[in-house]
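The values are calculated or read from the model by the stated rules, or taken from the named source; none is laboratory data. Note that the structure is predicted; figures quoted are calculated from it, not measured. So basically every Cβ, Gly included, is an ideal-geometry build from the backbone, and we count neighbours across all protein chains shown.
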Amino acid sequence: MLYFECPKCKRIWQYPIDMCPFCIIEVERKKGEKSKVIGSSKVVIGSLNHKKVPYYGLLLEDEKGNRWAHKSMNDVKIGDEIQCNVNKDAISIWRIKYDQLEAIEEINKLLDFLPNKKDLKVLIIPQINVPNYSYFRDNTSPEFLSTMVEFLINNNVKKENIKIATQSFDETPIEASAQKSGLLDACLKKEITPSDLSKSNFVKQGNLEISEEVLKADLVINLPLLKGGDTCTTKNIFKVLKKENYSSLKYLKDEREIIKELSVALPNLINIAEAEFIQRPNKTIIFTGLILGGKDSLKLDRVFSEIVFHKKLPELINDIEINDIETNGRQIEEVRYNIESY
Ligand SMILES: [Zn+2]
């Protein structure tokens, strides 16, 4: 559990504040490591957003005495520790609780996606589709992109080894969308010049023509922003292909086949999807407070659809059985939220 402590008076806040209002000095960001159950209530009558019962309202406490509430589908005993293990193949679900950096750190604990390699070269592919301000939630938010860069730097990835790149698949120039969405600014603040993949060299691999920039990276982070009624994680991966190559493949083949070939060609790709504030199918914005991660983009999009109660599954994932997907971190039932009913 993340908390903020004043180094002088030792007062604690669970939400981020910059200054202690009593001592007027900067607070420190700290973290408890263990979460022990100190109280549990079984809920047997469902409510609007918690229809599936029984579930358990737990009171957790860390070793520093910080306490917080936690919904669980499992009956956990008082005194038990809440623990999550690494599972690189599962779709990991976590809550963004005030702090995106903590959420990315927790997703890394579940997925262990950062290889331990000297001079690790990382390429981040943000979702930049529409020349729109970030509050419309069409594109990856500038905050999430900046936080991912911060996470990498905190984990000893050199700034000069981090690249941010994508391309436009329509008539809108990528520069226009990058500028209006605030993502260009986010890159420049981190002193990283983003690049346009359409201007890179493309290497032929079977039917695919993949950007050389992507193939050169030790780790490729697909960084989409999820959206109601869509499969943003998978769609954003197509951006590594040459635009003309993608158009002709899409005409000839099922997109599922393209993504299957792509996942073989890109074994170093990990999907870290933002779902804190998302666009509903009617374009209004809603708070869902989530982050999802995993290697398989189709499974990740399917898990998201299950969480937000899509009435009709998008075509790309309508044959994926949710019960066949292994999840880690939080359970789907703990974080489900019907985004279409309000
Ligand atoms: Zn203080």
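Restricted to helices (runs of 4 or more DSSP H) entirely inside the stretch 233-342, those with at least 2 residues that are of a type outside the set (D, E, K, R) and more than 23 Å from V86 (Cβ to Cβ) are 243-252, 255-265. Here E209 does not fit the description of being closer than 25 Å to R330 by Cβ, part of a strand (DSSP E or B) and in the same structural domain as N323 (by TED's automatic domain parsing). The single residue among F309, F277, F287, F304 that is under 21 Å from S92 (Cβ atoms), among the aromatic types (F, W, Y), assigned by TED's automatic domain parsing to the domain that holds L114 and over 15 Å from the mean Cα position of the chain (by Cα) turns out to be F309. Within the stretch 174-206, the only residue that satisfies the criterion of being part of a strand (DSSP E or B) and small (G, A, S) is S195. Please work out if F169 is assigned by TED's automatic domain parsing to the domain that holds S141, touching a Phe, Trp or Tyr at 6+ places or on another chain (Cβ under 9 Å) and modelled with pLDDT of 95 or more. Spelling it out, F169 is indeed assigned by TED's automatic domain parsing to the domain that holds S141, touching a Phe, Trp or Tyr at 6+ places or on another chain (Cβ under 9 Å) and modelled with pLDDT of 95 or more. For the stretch 96-148, taking the residues that are in contact with a strand residue (DSSP E or B) (Cβ under 9 Å, 6 or more places away or on another chain) and among the aromatic types (F, W, Y), the one that is surrounded by the most Cβ atoms within 10 Å (Cβ to Cβ) is identified as F144. State whether one or more residues within the stretch 212-222 are touching a strand residue (DSSP E or B) at 6+ places or on another chain (Cβ under 7 Å), under 30 Å from K311 (Cα atoms) and assigned by TED's automatic domain parsing to the domain that holds L262. So far as the stretch 212-222 goes, yes, one or more of its residues are touching a strand residue (DSSP E or B) at 6+ places or on another chain (Cβ under 7 Å), under 30 Å from K311 (Cα atoms) and assigned by TED's automatic domain parsing to the domain that holds L262. Remark: pairs (first residue in the stretch 43-66, over 13 Å from E334 (Cα atoms) and in contact (Cβ under 8 Å) with a residue 40 or more places away in the chain; second residue assigned to a loop (DSSP other than H, G, I, E, B) and of a type in the set (K, R); Cβ separation under 8 Å; 6+ apart in sequence or on different chains) = D62/K34. The residues on offer are I221, I210, I192, I272, and the sole one that is in contact (Cβ under 8 Å) with a residue 24 or more places away in the chain and more than 14 Å from P126 (Cα to Cα) is I210. The residues of the stretch 10-19 that are surrounded by 11 or more Cβ atoms within 10 Å (Cβ to Cβ) and either among the hydrophobic types (A, V, I, L, M, F, W, C) or more than 8 Å from the ligand (Cβ to nearest atom) (or both), listed by number, are I12, W13, Q14, P16, I17, M19.
Yes or no, residue by residue, for (1) of a type outside the set (F, W, Y); (2) touching a Pro at 6+ places or on another chain (Cβ under 8 Å); (3) surrounded by fewer than 21 Cβ atoms within 10 Å (Cβ to Cβ):
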| residue | (1), (2), (3) |
| --- | --- |
| V264 | yes, no, yes |
| L290 | yes, no, no |
| F309 | no, no, yes |
| P314 | yes, no, yes |
| I325 | yes, no, yes |
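Cβ separations smaller than 6 Å between residues 6+ apart or across chains give the following pairs from the stretch 19-30 residues that are of a type in the set (D, E) to residues that are near the ligand (Cβ under 8 Å from one of its atoms): E28/P7.
Of the strands (runs of 3 or more DSSP E) lying entirely inside the stretch 20-136, those containing at least 2 residues that are farther than 23 Å from I237 by Cα, within 16 Å of the ligand (Cβ to nearest atom) and in contact with a Phe, Trp or Tyr (Cβ under 9 Å, 6 or more places away or on another chain) span 28-31.
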